[in-house]
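Report on one structure; see the data block that follows.
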Amino acid sequence: MPHSKLYYSHCNEEDQQEYSRYITMFNVIFNNIIHYNAEEGTLCRLDNPENVLKLYYSANRCLQILIEAYPTPVLQRFFLENVWEKNDQSATANTFYQCISTIRKAFSSLSLIEDVIITIPRKGVCISTNISIDVLNTNVVTEQKKLSTNSGGYFRKKTFITLTIISMIPIIGLFYVSILHQEKQSKLSNIYKKIGGYQKCAIYIDKSETTDMENILNVISKQNVKCDTKANIYYSSMKSPIKESAIVCYEEKQGKCISIYRVN
Amino acid sequence: MFKKKYIYLIFLYFIMVVSLTFGEILFHNKNQSNLSCISILKLYSLKSKENEFIDGIYHFEMADGNGIITINVDVLTAKGELSQHHVSYTFNYTQKINSYTLNNIKYSSKIHDVGDYSLSDPILMEILDQYIINAKDNLTFRVVKMKDSGYLFYTNKIPLMMCMEELR
């Protein structure tokens, strides 16, 4: 336990804040049987996680300080300053001993027979060295705790998230496939742009084309395409070797088209 | 915990594969498997004094992976020889997005007038040979289904023909 120096009255405020942050982070196992969660201020037996004892704020802070100082004794003055006076509360020696007594009773009610907290005259109080203390990684303990004491809610939440994700996958998949399918079907107007008309024919050219109307009219006139009825003419070409395609679709013939292909 | 994670992951992948496959079947094949369309073709070359042409009708029937093409064309060569060709092919086809690949093409009937139908223009001759008279075992069209009309059949990057879906 590395922070013994913090327990003397000469420690500065910054050290105390650092200590405070640290202390709220850890979880402790006493004698391999009692789990203490410093953040929540709870104590429970590992073999009976349902029975949880909650320490009130002052008792919890005192126990945190004792664990942090272990096995060094801590002066009563340090407790009074860091547990009560820091929070603008007044406390007497009696208040402090009541707090220590509460902690002892809590351990006792969890069937830890040995005296956890001992008093060393003129030096203060400390956790007995007969008690083993294991400080565990927060995440591991939190997970264990949640699994053991609150497993129902934890799993319900996790299962809910998992099921939500799983049910979302087919929806996203179907949506993705339908989008792909939509993209596969393009409109003629996406490929061709209208450049003008000839009699009743509307003339469209490939959007990348730069050809003029005269050339297109030349193509269609040589194939005797009649523009006396409504029709759409779609023209595209390739430069080398020169190939031209003109597709003439008559509206009144239910979309029947004539495909003209010319090579040069 | 780890075991459960793996089970969830495997289940997740399974769901993904099933849903994507299901989506493909639902959206992909439903609208593109059946095709019955007709296209009137007029192909000619400017090189050969404007009198060399292929003129005719191309008819597709495609459904459930199998199909038939019926082609009736007149061919006029630069030498002035006119021949008529009536060709039918059966085939099965595979479909990938908008590309139809025609496999195992077999003549179901082939009749053409006696005479020389060699065209002087190599591109026109290639189209006549490859897409009309002597279709090879594997024939690929890039076919784009249009939302507002029929199908555009591409060869050599530009549309060879427009094929309108027939009303049934």
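The values are calculated or read from the model by the stated rules, or taken from the named source; none is laboratory data. All values reported here derive from a predicted model rather than from experimental measurement. Heads up, the Cβs are rebuilt from the backbone with ideal geometry, glycines too, and the neighbour counts pull from every protein chain shown.
The residue pairs whose first member lies in the range B:132-143 and is under 17 Å from B:Met161 (Cβ atoms) and surrounded by 12 or more Cβ atoms within 10 Å (Cβ to Cβ), whose second member is at pLDDT below 85 and among the small types (Gly, Ala, Ser), and whose beta carbons are closer than 9 Å, counting only pairs six or more residues apart or on different chains, are B:Thr140/B:Ser99; B:Phe141/B:Ser99; B:Arg142/B:Ser99; B:Val143/B:Ser99.
Scanning the range B:23-53 for residues that are under 27 Å from A:Ser245 (Cβ atoms), basic (Lys, Arg) and modelled with pLDDT under 80 gives B:Lys47, B:Lys49. Taking first residues from the range A:194-209 that are touching a residue at least 40 places away in the same chain (Cβ under 8 Å) and partners that are assigned to a strand (DSSP E or B), the Cβ contacts under 9 Å between residues at least 6 apart in sequence or on separate chains come to A:Cys201/A:Ala231; A:Cys201/A:Asn232; A:Cys201/A:Ile233; A:Cys201/A:Val248. Quick check on B:Lys47: is it within 9 Å of chain A (Cβ to nearest Cβ), outside any strand (DSSP E or B) and out of contact with any Lys or Arg (no Cβ under 9 Å at 6 or more places or on another chain)? Criteria met by B:Lys47.
Checking each residue in the range B:109-131 for being in contact (Cβ under 8 Å) with a residue 60 or more places away in the chain and aliphatic (A, V, I, L, M) picks out B:Leu119, B:Ile123, B:Leu124, B:Ile127, B:Leu128.
Restricting attention to the range A:211-234, does a residue exist that is crowded, with 16+ Cβ neighbours inside 10 Å, among the aromatic types (Phe, Trp, Tyr) and more than 9 Å from chain B (Cβ to nearest Cβ)? No, the conditions are met nowhere in the range A:211-234.
Tallying residues that are touching a Ser or Thr at 6+ places or on another chain (Cβ under 6 Å) and closer than 22 Å to A:Arg262 by Cα within the range B:33-69 yields 6. Listed by position, the helices (runs of 4 or more DSSP H) inside the range A:71-150 whose residues that are at pLDDT 85 or above and of a type in the set (A, V, I, L, M, F, W, C) number at least 3 are A:93-109.
Within the range A:235-244, being in contact with an Asp or Glu (Cβ under 9 Å, 6 or more places away or on another chain) and within 7 Å of chain B (Cβ to nearest Cβ) holds for A:Ser236, A:Ser237, A:Met238. Of the residues making up the range A:53-71, those that are out of contact with any Leu (no Cβ under 7 Å at 6 or more places or on another chain) and surrounded by fewer than 18 Cβ atoms within 10 Å (Cβ to Cβ) number 4. Annotation: of all residues in the range A:245-264 being touching a strand residue (DSSP E or B) at 6+ places or on another chain (Cβ under 8 Å), more than 8 Å from chain B (Cβ to nearest Cβ) and over 20 Å from B:Ile127 (Cβ atoms), the one that is modelled with the highest pLDDT is A:Tyr250.
Tell me, please, whether a residue that is outside any strand (DSSP E or B) and more than 25 Å from A:Lys256 (Cα to Cα) can be found in the range B:138-161.
Scanning the range B:138-161 turns up at least one residue that is outside any strand (DSSP E or B) and more than 25 Å from A:Lys256 (Cα to Cα).
Restricted to the range B:129-141, and to residues there that are farther than 15 Å from B:Ser39 by Cβ and of a type outside the set (A, V, I, L, M), the residue that is farthest from the other protein chains (Cβ to nearest Cβ) is B:Asp137.
Residue-wise test of (1) among the hydrophobic types (A, V, I, L, M, F, W, C); (2) at pLDDT below 85.
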residue	(1), (2)
B:Asp74	no, no
B:Phe91	yes, no
B:Leu102	yes, no
B:Ser120	no, no
B:Ile132	yes, no
B:Val144	yes, yes
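Residues being in a strand (DSSP E or B), of a type in the set (Phe, Trp, Tyr), more than 26 Å from A:Pro241 (Cβ to Cβ) and touching a residue at least 24 places away in the same chain (Cβ under 8 Å) are entirely absent from the range B:98-108.
Residues of the range A:85-109 that are crowded, with 19+ Cβ neighbours inside 10 Å and of a type outside the set (Val, Ile, Thr): A:Phe96, A:Cys99, A:Ala106, A:Phe107.
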